[in-house]
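Derivation of every value follows stated rules applied to the coordinates shown; laboratory data play no part. These figures come from a predicted structure and were not determined experimentally. Note that we place each Cβ from the backbone using ideal geometry, even for glycine, and neighbour counts take in every protein chain shown.
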């Protein structure tokens, strides 16, 4: 299941305070993409995109492969030059600045550890390029290796390390120069699930304790939701929606975002009336009119979609008592027991399959719902989101 | 595993190896022949090896050959590596196919034609034929072998390693010297050894491009054989075989180490 951690509050200097510089008009973003387009021959990888990333922010670019998110990051690192538009860091236009003169560092998806160098030499490589004194290099390498819990591994070669350890070396190597922005290209993709979850928390901790700006590229929406302050969902070289994990999950702007982030039931419907805060809709798959709260401007007669997260759909054997609730009937066609949750696939009378999630709060239930049971699905008007796009 | 070790397999294996190595084996055996007559066995002796050290023309030729091979292999390795890097790195530039085709052409070009054209060139530019013309000629025809070996290594080279080096502040040349070259070094070394052995045993091109005072060992052997095979020639040939074999084994070890390193590198 998706656990949208509330990251509005971020520990800084021991106190928890709201971290939301994007809401403050007096703040200037540290990184700015201004109308950036990148074409590779006929293919447009990034299409007129604008974006600002603030200092100390953990920003995630999320999208399917080929959506242009990696290209966008590589333009900040300096491996690609924009076809059109500008990339700025602070007040500096980065056009024409080669990668080795940019104060950003990148952690590569493949880790790109130098196989002929020890862990120490890998991490020290960047500092040596700056011709720092030997004693300072040694001190900073030791410090960063302690930070990623790899002290004692200095003499190992990359092929003598496990996948998780290699990931830490790559992280240490990109951190050691204290870049203004740390770029993470699918940093956790190669780790197994357990290690990935642990590392997510470590990354968050590292980012807030070092007070650094992180920009991450990922195709994994759970990962992005877990670690990021803000997420930009990308598709076909454009940003479809940008916001905090909670905003994106609870208020998806389009059908694409609703479908891409987490599980969703999408009901295509036509608006028939407006009733106070509620929009009344009629869909082809559920006989009763549907009600959903919406502040958006929705015209009567418009074609919309109602996005409904499975965990907001209640599944019961008896008809729900509350008359304000939307409800429909169906038959249980499938049950996926996930331990913490069970996902029920319910076939409606119209043939459509609906997903409902139920947390397994007790070990035994009085009325277990099982295959082929006739059930009621119900949800409050506040549960669904009306999507016009 | 005894599977597949049938009589047919064993026979064809033995025949195949006999076909390949019997002539060489006979040459090696006769180099230890005490008799002056090449085809008559007169007991074991190393006297021809001792006699070699008295044969000044032969020693001179060997010295010329080693110098030519060393210099030409080194130059060919530098040029061939650069050619391989530019072929792999610059993607699809205009005329890339033509360029790569032209690099590989000497691989299949008849040596006689290559030698003749080089001779014509040296005559046309009025270059005195001798040590340097042979060396230049050998650079020309061994360079493509180096390029092939290094290129095959570079296509599997993870470019993100170079990007990581640049990202960490290393300009392109330093990136090449500190990251790319050490990693592809076994392939470069193998290319050098290949060029060295090719130069060592070349007869045709050297005959065309050499001049007075720069007779290579294969040329010397060839000219002596025309006057009759002496056991001395067998001895020098045996030493030759030993040197070439050692270098080839070293080169294949270098390539194998590279291969193992590739396989164990984190994906």
Give me the number: length gained by fully extending residue B:156 to residue B:52, i.e. 0.36 nm times residue separation minus the C-alpha to C-alpha distance, one decimal in nm. 32.8 nm
Nearest 10 degrees is fine. How inclined is helix A:119-129 to the longest principal axis of chain A, computing both from alpha carbons? 70
What FRET efficiency, computed as 1/(1 + (r/R0)^6) with R0 = 56 Å and r the Cβ-Cβ distance, is obtained for residue A:282 and residue A:189, rounded to the nearest 0.05? 0.80
Note on region A:263-387: alpha-carbon gyration tensor, axes a ≥ b ≥ c; rule is a/c under 1.5 for rounded, else prolate if a/b larger than b/c, else oblate; result prolate
Relative contact order computed over chain A (Cα-Cα under 8 Å; 6+ residues apart), in percent: 15
With labels modelled as points extended 7 Å from the Cα through the Cβ direction, what inter-label distance (nm, one decimal) is found for residue B:116 paired with residue A:209? 7.7
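Is there a simple number for the mean count of other chain Cβ atoms within 10 Å of the Cβ of residues in A:121-129, and what is it?
Numbers: counts 1, 2, 1, 1, 7, 6, 2, 5, 9.
Counting other chains' Cβ atoms within 10 Å and averaging over A:121-129 gives 4.
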What the Cα atoms of chain A span along the principal axes, largest first and in whole Å, is 75, 49, 45
Cut-off is 10 Å between beta-carbons; in what order do A:121, A:340 appear when sorted fewest neighbours first? A:340, A:121
Two-site label geometry, residue A:202 and residue B:70: point separation in nm, points 7 Å out along Cα→Cβ: 5.2
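Fewest Cβ neighbours within 10 Å first, please rank A:229, B:167, B:126, A:295 accordingly.
Numbers: A:229 24, B:167 28, B:126 6, A:295 9.
With the sparsest Cβ surroundings first, the list reads B:126, A:295, A:229, B:167.
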Computed over chain A: longest principal axis from alpha-carbon atoms vs helix A:134-147 long axis, angle to nearest 10 degrees, is 20
Cα→Cβ-extended label distance, 7 Å offset, between residue A:325 and residue A:91, nm: 6.0
Please determine, in degrees from 0 to 90 and to the nearest 10, the orientation of helix B:111-124 with respect to the longest principal axis defined by the Cα atoms of chain B, where the helix direction is its Cα long axis. 80
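Quick check: from the Cα gyration tensor, does region A:30-74 come out rounded (a/c under 1.5), prolate or oblate? Intermediate results must be reported in sequence, preceding the final value.
Numbers: a/c = 3.02, a/b = 1.63, b/c = 1.85.
Since a/c reaches 1.5 but b/c is at least a/b, the shape of region A:30-74 is classed as oblate.
Cut-off is 10 Å between beta-carbons; in what order do A:174, A:135, A:378, B:223 appear when sorted fewest neighbours first?
Numbers: A:174 26, A:135 8, A:378 19, B:223 13.
Fewest-to-most ranking of A:174, A:135, A:378, B:223: A:135, B:223, A:378, A:174.
Decide, for the protein assembly as shown, between rounded, prolate and oblate: order the square roots of the alpha carbon gyration tensor eigenvalues as a ≥ b ≥ c, take rounded if a/c falls under 1.5, and otherwise choose prolate if a/b is larger than b/c, else oblate.
On the way: a/c = 2.95, a/b = 2.39, b/c = 1.23.
Note, shape of the protein assembly as shown comes out prolate.
Once every DSSP H run of n ≥ 4 in the protein assembly as shown is given -39500 (n - 2.57) and the sum is divided by its residues, what mean residue ellipticity at 222 nm do you get, rounded to the nearest 500 deg cm²/dmol? Before the final figure, lay out the partial values.
Values: 20 runs with 283 residues, N = 656.
Helices in the protein assembly as shown give a 222 nm mean residue ellipticity of -14000 deg cm²/dmol.
Give the calculated FRET efficiency between residue A:333 and residue A:23 to the nearest 0.05, with a Förster radius of 60 Å applied to their Cβ-Cβ distance. Provide the component values of the computation, followed by the final result.
Numbers: r = 44 Å, r/R0 = 0.74.
Efficiency at R0 = 60 Å is approximately 0.85.
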For region A:85-107, list residues with backbone N below 19 Å from a point placed 7 Å from the Cα of residue A:130 toward its Cβ? A:89-92, A:98-107
Region B:55-264, convex hull of Cα, quarter of hull surface, nm² -> 13.9
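Taking Cα pairs under 8 Å and at least six residues apart, what relative contact order does chain B come out at, in percent?
Rounded, it is 30 percent for chain B.
How high is the relative contact order of region A:263-387, in percent, counting Cα pairs under 8 Å that sit 6 or more residues apart? Provide the component values of the computation, followed by the final result.
Values: 285 pairs, mean separation 38.2, N = 125.
Taking the mean separation of contacting Cα pairs over the length of region A:263-387, I get 31 percent.
Please find the FRET efficiency linking residue B:18 to residue A:65, where r is the Cβ-Cβ separation and R0 is fixed at 60 Å, and quote it to the nearest 0.05. Before the final figure, lay out the partial values.
On the way: r = 56 Å, r/R0 = 0.94.
Between residue B:18 and residue A:65 the formula returns 0.60.
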